[in-house]
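The structure appears below as structure tokens.
The values are calculated or read from the model by the stated rules, or taken from the named source; none is laboratory data. Bear in mind that the values here come from a model prediction, so they are computed numbers and not experimental data. No Cβ is skipped: glycine too gets one built from the backbone with ideal geometry, and neighbour counts run over all protein chains shown. Keep in mind that these areas ignore ligands, DNA and RNA; they rest on the heavy atoms of the full protein, side chains included. Shrake-Rupley method; radii C 1.70, N 1.55, O 1.52, S 1.80 Å.
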Amino acid sequence: MEVNIGYWIGFIVFIIIMLMLDLGVFHKKDTVVKIKEAIGWSIFWISLALLFNAGIYYLMGKARALDFFTAYVLEKSLSIDNLFVFIMIFGYFNIAPKYQHKVLFWGIFGALIMRAIFIFAGVALIQKFGWIMYLFGAFLVYTGIHMITGKEEEENIDPNKNFVIRLFRKMMPVKEDDAGSHFFVRKDGVLYATPFFVALLFIEASDVVFAVDSIPAVLSVSKDIFIVFTSNIFAILGLRSLYFALNGIMRYFYYLKYALAGILSFIGLKMCVNEFCTHFGYPFHISNYVSLGIIVTLLTISILLSLVKRKKAE
């Protein structure tokens, strides 16, 4: 079934309406998002994605529904790594809890636009240069290995050393003292950016880095732009509520990075193997059923092992 323009318009309009309701109605005031509320919103976004998945199954068939679900689970699992960066950014810039939802809202709004650009560019490259699948696959394997063997740098990250942040500070003065939830303030006729905006800028810059990993990984599941785009968007939309729901326990996920490294490495190998077999006419193919099973298994094992280690530590 061909995805006509009506599906695209309907989906985009729906997302815009949901975002407007989120910031303009449900989170109009700057308040601390409580765990119970965050869990409720997480369940809402996951349920919405599953409902959309059911619609794909009904309208487009079982194969595309499986592609969507696998891509959604993959993107959701890889996006968990973003949560650690959110914690670091808010701590570094001293963003008060009651303002964090607003920063994440605009950060993820920008991420939606950038992900769309990455997805369309990625699909266009694959359609024009089939061999680029090998390049994507090798990069994912390298990233997975580097996550295990690389030095622990995240805790010592200084956002002010980031190229984008340093360039922005040269272009515009930053008022370091507290400015509430304003992105910009004017003093003595001079317009200043605030740490609130710099934190948002760093979130956007970090998402570009994460997209370099996640988009090629999702393209290993499907090259259908509609499936890749919608699964990616649903995974990102639920990221804010997931952050507030897991914020207090993220540091106890000791083995999560090993699961993510394994997922990236496996997806990279899958891309290379499937492309090789397709190119030379071999019947072997790593299906999305296998991918989904490995992703869920690795995540489950990492969580269980983390819980065991936490229990022993206590």
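Filtering the stretch 142-163 down to residues that are aliphatic (A, V, I, L, M) and at pLDDT 70 or above, which residue is surrounded by the most Cβ atoms within 10 Å (Cβ to Cβ)?
Met147
Return the residues of the stretch 61-80 that are buried (at least 19 other Cβ atoms within 10 Å of the Cβ) and either touching a Lys or Arg at 6+ places or on another chain (Cβ under 8 Å) or of a type outside the set (A, V, I, L, M, F, W, C) (or both); say none if nothing qualifies.
The answer is Arg64, Asp67, Thr70, Tyr72, Glu75, Lys76, Ser77, Ser79.
Of all the residues that make up the stretch 279-298, how many are of a type in the set (Val, Ile, Thr) and closer than 13 Å to Ser220 by Cα? Step through it out loud before you land on a result.
From the stretch 279-298, those of a type in the set (Val, Ile, Thr) are 286, 290, 294-297; that's our starting set.
Now drop any that are not closer than 13 Å to Ser220 by Cα, which leaves 286, 290.
Total meeting the criteria: 2.
Residues Tyr289, Tyr254: which one is part of a loop (DSSP other than H, G, I, E, B), touching a residue at least 24 places away in the same chain (Cβ under 8 Å) and under 23 Å from the mean Cα position of the chain (by Cα)?
Tyr254
Which numbered condition in (1) part of a helix (DSSP H, G or I); (2) open to solvent by 30 Å² or more (accessible area, probe 1.4 Å) is the only one that Ile295 fails?
Unmet condition: (2).
Run Asp224 past the list (1) under 20 Å from the mean Cα position of the chain (by Cα); (2) modelled with pLDDT under 80; (3) among the acidic types (Asp, Glu) and report the number of the one that doesn't hold.
Answer for Asp224: the failing condition is (2).
Mind checking which pairs have a first residue in the stretch 61-84 that is free of Cβ contacts under 8 Å to residues at least 60 places away in the same chain and a second that is assigned to a helix (DSSP H, G or I), Cβ under 6 Å, 6 or more apart or different chains?
Ala65/Asn53; Ala65/Ile56; Ala65/Tyr57
Can you find a residue in the stretch 260-283 that is within 30 Å of Leu19 (Cβ to Cβ) and of a type in the set (Val, Ile, Thr)?
yes
Provide a single number: the residues in the stretch 106-130 that are touching a residue at least 60 places away in the same chain (Cβ under 8 Å) and either in contact with a Leu (Cβ under 7 Å, 6 or more places away or on another chain) or farther than 30 Å from Phe244 by Cβ (or both).
Number satisfying all stated conditions: 10.
With surrounded by fewer than 19 Cβ atoms within 10 Å (Cβ to Cβ) and outside any helix (DSSP H, G or I) as the only criterion, which of Gly110, Gly130 stands out? Spell out the reasoning first.
Working: Gly110 fails: outside any helix (DSSP H, G or I).
After applying the criteria, what remains is Gly130.
State all residues of the stretch 227-255 that are open to solvent by 10 Å² or more (accessible area, probe 1.4 Å) and either hydrophobic (A, V, I, L, M, F, W, C) or touching a strand residue (DSSP E or B) at 6+ places or on another chain (Cβ under 6 Å) (or both); if no residue qualifies, say none.
Selection gives Phe229, Leu242, Phe244, Ala245, Leu246, Ile249, Phe253.
So if I check each of Ser214, Ser306, which one is in contact (Cβ under 8 Å) with a residue 40 or more places away in the chain, buried (at least 20 other Cβ atoms within 10 Å of the Cβ), part of a helix (DSSP H, G or I) and not charged (D, E, K, R)?
Ser214
Report every pair of residues separated by at least 6 positions or lying on different chains whose Cβ atoms are under 7 Å apart, first residue within the stretch 88-105 and within 14 Å of Phe202 (Cα to Cα) and open to solvent by 20 Å² or more (accessible area, probe 1.4 Å), second at pLDDT below 75 and among the charged types (D, E, K, R).
Listed pairs, sorted by first residue: Met88/Glu154.
Restricting to the stretch 256-283, count the residues that are among the β-branched types (Val, Ile, Thr) and surrounded by fewer than 19 Cβ atoms within 10 Å (Cβ to Cβ). Please lay out each step first, then the result.
In the first step, residues of the stretch 256-283 are kept if they are among the β-branched types (Val, Ile, Thr); the result is 263, 267, 273, 278.
The next check asks that each one be surrounded by fewer than 19 Cβ atoms within 10 Å (Cβ to Cβ); those that pass are 273, 278.
Within the stretch 256-283, residues that are among the β-branched types (Val, Ile, Thr) and surrounded by fewer than 19 Cβ atoms within 10 Å (Cβ to Cβ) number 2.
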